[in-house]
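Values quoted throughout were computed directly from the atomic coordinates according to the rules given, and no laboratory measurement underlies them. Quick caveat: nothing in here was measured; it's all calculated off a predicted structure. Here the Cβ is made from the backbone with ideal geometry for all residues, glycine too, and neighbour counts use every protein chain on show.
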Ligand code: NOJ
């Protein structure tokens, strides 16, 4: 049975610190910048902030390549800055989650620097080394960031495993010393008063590279349970696992309400619906709404009473949702509000990614030279070498590249969108002159204030937290509609995904009931017809 937990009611705001707000003019966002913007975040009504990695790192993968887990990236500030941020956030009833990266380190981490010195170095076994096979890589495992997952180390004559960039060697979790190190790191941060962790690619720590098993390895859950017992277990902390390969049955193990593993995992299955099946995310195909309804609805019902999920439409690895599955032109505003309505009516803990609350969009930089993301740059060269045309590759990058989410927050229509007084580390989206926080905060019709309102509605209604989910109008190709029901309480959410008006007919039993509009994205409402990207949330009596 599901016990009620504080994070069931929470809304989490995700910050990519490098691109959030620069307080000292060096072009890079920092911790003091976040402190300065705490009121902006608190005003939305969120309860938790998740900070993407803030630890010392050479930044091959913007902080997901950590060279010292217990110190702060100097570009972001100091330990005192973090402590102040935790304190000032807590003063506003906001908790802080840190990003834990247990699967790999930077190749500049002291453990790896030692490990690669010799085969008998005491840190050698912290990582995964294999002899060449016939003078080649041990097998054909691929890195997520293009090319082989094995890198040859000249000095010691062996390959090491890197499921991400070659500057991110994978840790060997079979080694109990590695596990102890990681638990020690986690406790170090928990002692600073944080509320938990988002755990990077947790599904990979049980890998078996010789069998080419990267996710969901045989000892994965044994490690997570040990981690739980040695660190956050029994402390009522929020832990959310990044799991791309979990189905609902696996999710139930991760998020067992007995508290033996994690509080929740992210549900990401819908994000593969716009790629050619069996191919990579860069191989594009249009979204089919019927498929989206099927996947999201499956996750809305499958874990009821036996687990919990994090809900998101955006994060630092994903393109902006209005550009991806909506409209970032004339209907951008209604569209952003439509996605918010869809998500905030659902079961699970919603996560907002910085700028989502402003309806920020994808970016199209003129050439690859403007891009900073290691995944994007590797993809570009890999596909060019394989014979893809420049145009094809750039179209994939425009649609799916991670830098779409990483352009600086658009605070105002000042130079650089008010993000920095210096030269920003990555280009600002030129649409900052019209899309920015300053123009939205005091406009009661803005996307920002729509988020604020819908978060407040969610908080008042138990039915939105614990109510049963039921998809309706299942076969409608344009409309995504569902009910939430708890005892005698009922909510209806109805969203038009089309850029044209769409007529609808509610099931008879609903049609006759009295409805009160809680929130919607159009000022005038027509019975039985939704305007382009219209969304409504009704209380049903
Ligand atoms: C998932 C993170 O979200 C992504 O940004 C990162 O590149 C990889 N894990 C590797 O740490």
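Note down the relative contact order for the stretch 251-318 as a percent, whole number, built from C-alpha pairs under 8 angstrom at least six residues apart.
41 percent.
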Task: the stretch 91-155: C-alpha gyration tensor shape, a/c 1.5 cut-off, then a/b vs b/c - done: oblate
Task: Residues 265, 224 arranged by fewest to most Cβ contacts within 10 Å - done: 224, 265
Task: Ordering of 122-128, 314-320 by burial proxy (mean other Cβ atoms within 10 Å per residue, highest first) - done: 314-320, 122-128
TODO: Working from the alpha-carbon coordinates of the stretch 172-304, get Rg over Rh, Rh being the Kirkwood radius.
DONE: 1.02
Open item on the list: Expected output is a single nm value to one decimal: the length gained when fully extending between residue 499 and residue 68, i.e. 0.36 nm times separation in residues minus the C-alpha distance. What is it?
Closed with: 150.3 nm
Open item on the list: I want to check the label-to-label distance for residue 526 and residue 258. Put each point 7 Å from Cα in the C-beta direction and report it in nm to one decimal.
Closed with: 5.6
Open item on the list: At R0 = 22 Å, how high is the FRET efficiency between residue 489 and residue 302 if r is their beta carbon distance? Nearest 0.05 is fine.
Closed with: 0.50
Task: Spin-label pair residue 125/residue 2, simplified geometry with 7 Å Cα→Cβ offset, distance in nm - done: 4.3
Task: Tensor-based shape of the stretch 333-459 (alpha-carbon gyration tensor, a/c under 1.5 rounded, otherwise prolate or oblate) - done: oblate
TODO: Note down the nm distance, to one decimal, between modelled labels 7 Å out along Cα→Cβ at residue 136 and at residue 445.
DONE: 6.3
Task: Percentage, to the nearest whole number, of Cα pairs in the stretch 30-112 over 21 Å apart - done: 32
- [ ] Could you tell me how many degrees, from 0 to 90 and to the nearest 10, lie between the Cα long axis of helix 289-302 and the main elongation axis, the longest principal axis, of the Cα atoms of the chain?
- [x] 80
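Computed FRET efficiency, Cβ-Cβ of residue 474 and residue 154, R0 51 Å: what is it to the nearest 0.05?
Computed FRET efficiency for residue 474 and residue 154: 0.30.
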- [ ] With a/c under 1.5 counting as rounded, go ahead and sort the stretch 361-435 into rounded, prolate or oblate using the C-alpha gyration tensor (a ≥ b ≥ c being the square roots of the eigenvalues; past the cut-off, prolate if a/b is larger than b/c, else oblate).
- [x] prolate
Task: Inter-centroid distance (Cα atoms) of the stretch 111-126 relative to the stretch 142-162, Å - done: 15
Task: Average Cα contact separation per residue, the stretch 202-256, under 8 Å, 6 or more apart, as relative contact order % - done: 35
Task: Area projected by the alpha carbon convex hull of the stretch 235-377, averaged over all directions, nm² - done: 10.2
Open item on the list: Given contacts defined as C-alpha pairs under 8 Å and at least six residues apart, what's the relative contact order of the chain, whole-number percent?
Closed with: 13
Task: Fewest-first sequence of 18, 87 by Cβ atoms within 10 Å of each Cβ - done: 87, 18
- [ ] Treating the angle as unsigned and between 0 and 90°, give the value, to the nearest 10°, between the Cα long axis of helix 390-400 and the longest Cα principal axis of the chain.
- [x] 70
Task: Length gained when the stretch residue 284-residue 9 is fully extended (0.36 nm per residue, less Cα-Cα span) - done: 95.5 nm
- [ ] Express in whole angstrom the spacing between the alpha-carbon centres of the stretch 352-399 and the stretch 26-43.
- [x] 27
Task: Tilt relative to the chain, helix 332-344 - C-alpha long axis, 0 to 90 degrees, to 10 - done: 80
Task: Diffusion coefficient, µm² s⁻¹, Stokes-Einstein with Kirkwood Rh over alpha-carbon pairs of the chain at 25 °C and 0.890 mPa s - done: 101
- [ ] Find the centroid of the Cα atoms in the stretch 463-517 and in the stretch 212-231, then give the distance between the two in whole Å.
- [x] 39
Task: Helix-only [θ]222 nm of the chain, DSSP H runs n ≥ 4, -39500 (n - 2.57) each, per residue, nearest 500 - done: -7500 deg cm²/dmol
